[in-house]
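K.L.:
I am attaching a structure below and will ask some questions about it afterwards.
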Amino acid sequence: MKTRIITAIWAGAIFLGLLYLGGIPFLAFMAILTVIGYTELVKMRQLSFSSIPVLLFGIGTLLPFVPVYEMTRDQTITLGLSPLAWGMLIILVGLFWNVFSKNVFTFDDVAFLLLTSLYVGVGFASFAFIRLLDNGLTLSLLIILLIWFTDSGAYFVGKRFGKTKLWPAISPNKTIEGAAGGILLALLLGLVFEAINPTLGYAEVVLLALIVAVVGQLGDLVQSAYKRHYGVKDAGNLLPGHGGILDRFDSMLIVFTVLITLGIFS
C-alpha cells in the first residue's frame, strides 16, 4: 500500500502538472506514453523488438499526432507523404515480412501490431487533441473526473450492493449494480461541475457523462479481456503498485477516442 501511495503521488504530480501546462510539453508526454503503451502490448504478444515490423509499427503509433499538431498549432509538418500513406506503407511492409519470414512473423502478428498502434496511438493523440483546444484544460479535467468518479462509484456501489455479475468471463468482480452506480455518480459529478463552472450546458454535460461512464467501463473491460487472453495480471510494471501505463489509461484511451470519433469537440 505504501508503494502504491508513493507512486500515485509522484506519477499524479507529473501527469497533472503536464496536463495543466498543456501545449507541446503535454503533446510530447502523450507521445511518450504512446510508445510505452505500445511496448507493453508487444511484450504481451512476446514479439521481438528487433523485428522490423515491430519497429515500424512502433513509429506508426506516432502518426496520429501529426494532424493533432498541425490542427492545434496551425503549422504543417512535411513528411513527404501523408500520415495515412505512411501508415499504409507500414502495413504493406508487415504483410511483405510475413512472406519474407516464411510465416515466422504471421498475418496475425501484422493484425495485432496494426490494432495495437491504432489503440494506443489514436487514444493518446485524441487526449492530446482535446487538451490542446482553447478550453481543453477544463474539458480534460471534466472528462478525467467523470472517469474517476465512474470507477469509484462502480467499485463502492458494487462492493456494497453488487449481486449480479456484469461479465464474469472477462472481469469476475464487476457487477451490474456497480456499473449502474458508476453511471449515476458520473451524472451527479457532471451536474455539480456544470453548476460550479458552467462549461457545456446541462443537457450537454449529461450526454457527456453518459458517454464517458458507459464507454469508460467498456474500456476497462477491453483491457481486462486482452490481459486475460495473454495471461497477465498487469500490462507492465513501470508504476510500482499500479502496473503499467495501459493499466492507468485503459478507460481514457477508449473514452477520448470515442469522443473524437463522434465529433463531440470538433
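The values are calculated or read from the model by the stated rules, or taken from the named source; none is laboratory data. Since the model is a prediction, treat every value here as computed from it, not as a measurement. Neighbour counts run over all protein chains shown; Cβ positions are idealised from the backbone, glycine included. Protein only, heavy atoms only, side chains kept; ligands, DNA and RNA dropped before computing areas. Shrake-Rupley method; radii C 1.70, N 1.55, O 1.52, S 1.80 Å.
K.L.:
Ignoring any ligand, DNA or RNA, what whole percent of the accessible area of the chain comes from carbon and sulfur when the probe is 1.4 angstrom?
P.N.:
Answer for the chain: carbon and sulfur cover 70 percent of the accessible area.
K.L.:
If you don't mind, another one. Among the lysines, select those whose C-alpha is under 18 Å from the C-alpha of residue 43, and discard any that sit fewer than 8 residues away in the same chain.
P.N.:
Excluding near neighbours in sequence, the set is 227, 233.
K.L.:
Now for a different question. Helix-derived [θ] at 222 nm for the chain: sum -39500 (n - 2.57) over DSSP H runs of at least 4, divide by residue count, nearest 500?
P.N.:
The per-residue figure over the chain is -25500 deg cm²/dmol.
K.L.:
Under 15 Å Cα-Cα from residue 174, which aspartates and glutamates qualify once same-chain neighbours fewer than 8 residues away are excluded?
P.N.:
Excluding near neighbours in sequence, the set is 151, 220.
K.L.:
Once amide H atoms are placed 1.01 Å from N in the peptide plane, what residues at a sequence separation of 5 or more from residue 174, or on another chain, have their amide H within under 5 Å of its amide H?
P.N.:
166, 167
K.L.:
Apply the Karplus parameterisation 6.51 cos²θ - 1.76 cosθ + 1.60, with θ equal to phi minus 60°, to every residue of segment 240-252 and state each ³J(HN,Hα) to the nearest whole Hz, in sequence, with x for glycine and proline.
P.N.:
Working through the residues one at a time gives x, x, 10, x, x, 4, 5, 5, 8, 10, 4, 5, 4 Hz.
K.L.:
Please list 177-184, 1-8 highest first by mean number of surrounding beta-carbon atoms within 10 Å per residue.
P.N.:
177-184, 1-8
K.L.:
Given a 1.4 angstrom probe, what's the average accessible area per residue across the chain, in square angstrom?
P.N.:
52 Å²
K.L.:
Please get the size of the charge dipole for the chain, origin at its Cα centre, with Cβ charges of +1 on Lys and Arg and -1 on Asp and Glu, quoted in debye to the nearest 20.
P.N.:
880 debye
K.L.:
How far, in degrees from 0 to 90, does helix 2-21 lean away from the longest principal axis of the Cα atoms of the chain, to the nearest 10?
P.N.:
On a 0 to 90 degree scale, this one is about 80.
K.L.:
Between residue 225 and residue 77, what is the label-to-label distance in nm when each label sits 7 Å out along the Cα-to-Cβ direction?
P.N.:
Inter-label distance under the simple model: 3.0 nm.
K.L.:
Then there's this: Pull up the cross-link candidates among the aspartates and glutamates for residue 102, meaning alpha carbon to alpha carbon under 20 Å and not fewer than 8 places away within one chain.
P.N.:
Counting by Cα, and skipping residues close in sequence, residue 102 has no aspartates and glutamates nearby.
K.L.:
Apply the Karplus curve 6.51 cos²θ - 1.76 cosθ + 1.60, θ = phi - 60°, to the phi angles in segment 219-230 and return the couplings in whole Hz, x for Gly and Pro.
P.N.:
Karplus-based 3J(HN,Hα) across segment 219-230 equals x, 4, 5, 4, 5, 4, 5, 6, 5, 5, 4, 8 Hz.
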